Amino acid sequence: MSTTLEPPVRGLSLEDAITEFKRIQERYAELAEEKKRVMEVLITAATESRQGSKTVRLENHNASIVLKAEFGEGFRCDTNGLNEAREMLGDDVFEDLFKTEYKPKLRGLRPFLASKSTDERIETAKEKVKEAVTVVPETPRITVEKS
């Protein structure tokens with residue numbers, strides 16, 4: 001059995017492709033480490049100048065390079081607390097607010113939590129949801145906006 005591709009892909013034999021893949025994989029690991037070091041500085045700078053904003057722009061000295069740092073939010077949910085809220089609200093209402101893996105549906109959840117109800121059961125369920133769902137800051141995504 002031959003170890004070359006027929007026809008060669010972009011002029012590479014299988015042997016060459018294997019060697020090239022290993023070289024690229026090693027370089028990728030090196031670049032990932034370099035990026036990690038650079039990201040620590042960028043994230044610190046973006047966080048310090050954030051002032052509550054979800055987007056921060058970082059510029060070099062003459063603004064020829066502009067990076068955009070976008071701060072997002074993730075959510076961690078306490079399944080036990082959400083199950084209690086689900087029992088109080090019923091499946092129909094609850095499933096409009098959360099995906100089945102207990103991931104908040106923010107479009108419906110935020111207005112629901114901000115609303116007022118005369119039904120004590122719903123108000124109690126809202127408190128259970130507020131206790132069970134915590135906002136978890138995510139690492140900001142940084143992209144080149146101008147170069």
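The values are calculated or read from the model by the stated rules, or taken from the named source; none is laboratory data. Keep in mind it's a predicted model, so treat the numbers as computed, not measured. Cβ placement follows ideal geometry from the backbone for every residue including glycine, while neighbour counts extend to all protein chains displayed. Surface areas here come from the heavy atoms of the whole protein model, side chains and all, with no ligands, DNA or RNA. Shrake-Rupley method; radii C 1.70, N 1.55, O 1.52, S 1.80 Å.
Taken over the range 22-147, lysine pairs spaced eight or more positions apart, or on distinct chains, with alpha carbons under 19 Å apart number 19. In the context of the full protein assembly, residue 92 retains an accessible surface of approximately 130 Å², using a probe radius of 1.4 Å and ignoring ligands and nucleic acids. Residue order by solvent-accessible surface for 58, 12 is 12, 58, largest first, with ligands and nucleic acids left out and a 1.4 Å probe.
Compute the signed sum of charges (Lys and Arg +1, Asp and Glu -1) over the other residues within less than 11 Å, Cβ to Cβ, of residue 122. Charge balance in the 11 Å sphere: 0.
Across the range 116-133, coupling constants 3J(HN,Hα) worked out from phi with the 6.51/-1.76/1.60 Karplus curve, θ = phi - 60°, read 10, 10, 7, 7, 4, 4, 5, 5, 5, 4, 4, 4, 4, 5, 4, 6, 8, 10 Hz, and Gly and Pro carry x. Normalised Debye scattering of the chain at q = 0.09 Å⁻¹ gives log10 I(q)/I(0) of -0.58, counting only Cα atoms as equal scatterers and leaving out solvent.
Per residue, the chain reaches -16500 deg cm²/dmol at 222 nm when only DSSP H runs of four or more residues are counted, each adding -39500 (n - 2.57).
Annotation for the range 77-147 versus the range 10-62: alpha-carbon center distance of 34 Å.
Applying the criteria of a DSSP loop state and at most 15 other Cβ atoms within 10 Å to the GluC sites (Glu not before Pro) of the range 50-147 yields 101, 138. The accessible surface of the chain, taken with every protein chain in place and a 1.4 Å probe, is 53 percent carbon and sulfur.
Residues in the chain average 75 Å² of solvent-accessible surface per residue, probe 1.4 Å, ligands and nucleic acids excluded.
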